[in-house]
Amino acid sequence: MIDREQFSKLFPFHFLVDANMRVLQTGAVLARICPQFCVGQELNDHFSLFDLSKDSAQRITPELISRRKTGIFILKSASSDLSLRLQAMTLRDPERYLFLGSPWVRALKEMQLLQLVLNDFAPHDSTIDLLQITQTNDITKKDLITSITNLEQLNKNLEQIVDNRTAELVLANSELTRVMRSKDDFLSAMSHELRTPLNAVLGLSESLAEGVYGEMNTKQAQSINTIAESGHHLLSLINDLLDLAKIGAGKMELELDNANVEDVCQASLRFVLEQAQKKNLKLTLAMDNKSVMLTADERRLKQILVNLLSNAVKFTPDGGSVTLETKCDLESESLMFSVRDTGIGIATEDLKRLFNPFTQLDSKLSRQYAGTGLGLTLVMKLVELHGGSVAVESEIGKGSCFTVRIPCKGLENAIRGGNKDAVTISESSPANILSSNTPLILVADDNEINLMTVSDYLHANQLRVIQARDGLEAVKMVRQHAPSLVLMDIQMPLMDGLDAIAHLRADDQYAKIPIIALTSRAMVGDRERCIAAGANDYLSKPVNMKKLVKTIHAHLPKDETR
């Protein structure tokens with residue numbers, strides 16, 4: 001008189017079998033608790049009749065069902081801990097047997113193991129009383145007191161653990177701060193110690209190449225150029241290491257300003273021009289707009305592009321091409337720089353390791369192509385400091401394309417006309433050095449090789465030179481000779497350069513003499529400390545000699561005619 005759905009709710013653990021004990025229908029809850037017991041399978045494959053008096057099990061047959069007087073069966077599952085207490089009913093059209101019942105459980109733990117809940121049982125089922133009592137009654141007072149006591153003890157233990165952990169973290173942070181400070185001091189010292197001899201190597205190489213010490217034959221000139229190239233390569237590695245250390249310590253600060261994108265691209269390409277010409281590579285600049293101004297750290301932006309261009313040139317075979325492209329993405333308000341080459345390419349499985357520090361993708365490449373693997377790591381970190389991202393596409397034997405995306409707020413307003421244009425870069429002529437009539441320059445440095453190198457180069461460029469080997473001597477020499485300009489090393493004995501600058505600035509008679517801080521210290525804040533002490537400018541060693549002379553002339557009084 002009721003439909004199948006109502007019947008299943010009243011008897012969630014029912015099942016129906018035919019005369020061959022083959023399952024024809026199962027209740028919803030039984031199907032969930034014992035999913036392997038399904039329609040079409042034989043009852044005896046999953047359950048056996050359990051005899052309480054004999055503590056044994058036997059097969060279920062129609063004859064056995066018909067001669068049971070009580071009609072109550074306990075079936076035990078062969079594949080789980082499930083036992084069912086059922087009543088069997090015989091249906092005659094055709095021969096079928098209906099079993100109605102529920103799990104044979106006697107404790108809450110058994111029901112929990114079977115993951116049974118109140119709604120799994122029919123309202124008339126006696127097992128439901130156990131669940132209702134468990135769910136509707138509070139725990140005893142004794143259990144409650146025990147639980148509260150345990151909770152209080154747990155809180156005390158947690159508080160002690162937290163206190164201990166906090167003390168450990170404070171100690172660890174203190175030690176970390178000390179280590180970071182020591183690392184910064186070490187890097188600063190190493191920067192000075194590495195740059196000081198390197199300054200002499202590059203300075204003397206430049207002087208020799210320009211004939212300051214006399215003419216050289218062709219082979220000697222080639223050797224000097226090799227020394228200079230190796231020295232500049234070593235300097236770039238030192239700079240990369242220091243830059244990564246600064247970024248890791250959170251001390252890399254960008255000097256954001258409006259940068260002309262075309263000027264940045266042209267300057268970056270000129271940096272790799274000589275290297276590309278040696279390999280007969282075609283360098284191309286393709287810009288979709290030549291009038292874009294980008295808010296960025298121009299020096300770091302050039303560093304990003306030069307690193308990518310240097311890699312492209314290095315890994316592109318002779319006669320290939322390297323292209324620097326720029327594209328304005330108005331939708332995302334960003335500027336994209338793409339460096340595309342026809343080089344050796346990168347395997348897909350190696351792309352994920354590409355930006356790891358000190359990594360070259362193939363040990364064979366490390367022998368064929370020199371490098372530390374720092375360049376791309378530095379590119380990634382400098383781009384991230386600008387709030388941008390780096391992507392790469394590559395195919396073995398066909399080349400690679402690295403794309404840097406830099407945010408550019410108000411990009412649409414930053415574009416002031418201009419058309420898409422491709423320009424093949426050609427070699428530019430060197431900058432002219434301003435001439436002067438032998439001003440007197442004081443060079444203060446405690447390193448004899450640096451004194452000789454700088455002094456000889458300045459002499460060769462029609463500048464008179466006097467020398468001082470410590471800060472005290474520098475102050476004395478200024479008062480005796482009133483030089484036109486002072487090149488002041490910072491780390492010197494007796495009196496360092498900062499104190500010497502302060503002494504000179506405190507004397508009204510010499511307060512206006514231009515002072516250029518020329519030092520191997522190149523960590524964050526060193527430039528600011530020199531300027532704050534009174535220096536007019538700051539150059540870090542190793543210094544390019546032509547740049548040094550140009551900087552000197554830029555700071556000399558216009559009417560200086562010594």
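Derivation of every value follows stated rules applied to the coordinates shown; laboratory data play no part. This structure is a prediction, so every number in the text was calculated from the model and none was measured. Neighbour counts run over all protein chains shown; Cβ positions are idealised from the backbone, glycine included.
Here each label is just a point 7 Å from Cα along the line to Cβ, and for Glu42 and Ala511 those points are 11.3 nm apart. A simple spin-label model places pseudo-atoms 7 Å from Cα toward Cβ; at Ala460 and Glu333 they are separated by 5.2 nm.
Between Thr284 and Lys547, how high is the FRET efficiency from 1/(1 + (r/R0)^6) when r is the Cβ-Cβ distance and R₀ = 30 Å? Nearest 0.05. Efficiency at R0 = 30 Å is approximately 0.60. When peptides 38-45, 114-121, 23-30 are ranked by their average number of other Cβ atoms within 10 Å per residue, the highest-first order is 23-30, 114-121, 38-45. On a 20 Å Cα-Cα criterion, which of the cross-link pairs Lys279/Lys381; Lys54/Lys76; Lys9/Lys109; Lys219/Lys282; Lys219/Lys547; Lys302/Lys558 come out too long? Listed pairs above 20 Å: Lys279/Lys381; Lys9/Lys109; Lys219/Lys282; Lys219/Lys547; Lys302/Lys558. Counting Lys and Arg as +1 and Asp and Glu as -1 over every other residue whose Cβ lies under 14 Å from the Cβ of Ile224, the net charge comes to -3.
Looking at the stretch 67-125, the trypsin sites (Lys or Arg not before Pro) that sit in a DSSP loop and have at most 14 other Cβ atoms within 10 Å of their own Cβ are Arg67, Arg68, Lys69, Arg106. Modelled label positions at Glu528 and Asn155, each set 7 Å beyond Cα in the direction of Cβ, lie 4.8 nm from each other.
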